[in-house]
Each structure stands twice: as structure tokens, then as C-alpha cells.
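What follows is a single structure, written as C-alpha cells, with notes after it.
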Amino acid sequence: MIKISELRMREVVNVVDGRKLGPIKDIDIDLEAGRIAALILPGQGRFLGLFGKEDELVVPWDKIKKIGLDIILVEVPAYRREDSYRY
């Protein structure tokens, strides 16, 4: 069993393009089912993450491919700084 606090310390990487998406910002929980529905990651700002609106990147649980000791592998379409991706 993994604690949520342990999940939040792992880096998230997209297996589609190998890009680091960052650490977990929040977790969406399905209270009716009693399980995690999605991981919420910080989006990229418009200029080096410093200026502009920061959108969130929501990764549904079924897009998580592997949870390792230091890293979480997810499969989402190629993610660019200029765009945000949301399911």
C-alpha cells in the first residue's frame, strides 16, 4: 500500500515523449468508489513557469502506467509548454 504523502514526492514522467511533468500538486478522489480518480499536476506558465496563467494538468488514474520507487510513468498526449492538457 502507498500513502498519498509518498505519491506526492515522486516525479511524474510522460512515456509518450519522455518529458518530466513535475510533482503531484493534488489528488482527485472518487468518494463514492473510495479510490483515486486522477492526479493533478501543476501546469506550465507562459514564460518559464513564472508569468501567465498556470493551468492544471489532470491525469486520470487509467493513464498511469507504472508507479515506481522514485517516479510515476503516465501516458498522455505530447504535452507542450504553450498548451495545457486536460481530460
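Observations on the model:
- Note on the range 23-46: residues that are of a type in the set (D, E, K, R), modelled with pLDDT of 80 or more and in a loop (DSSP other than H, G, I, E, B) total 2.
- Filter result for Gly49 (closer than 21 Å to Ala78 by Cβ, modelled with pLDDT of 90 or more and either surrounded by fewer than 14 Cβ atoms within 10 Å (Cβ to Cβ) or touching a helix residue (DSSP H, G or I) at 6+ places or on another chain (Cβ under 7 Å) (or both)): no
- Test: Lys20 is at pLDDT 90 or above and touching a Leu at 6+ places or on another chain (Cβ under 7 Å): no
The values are calculated or read from the model by the stated rules, or taken from the named source; none is laboratory data. Computed from a predicted structure; not experimentally measured. All Cβ positions, glycine included, derive from the backbone under ideal geometry; neighbour counts span all protein chains shown.
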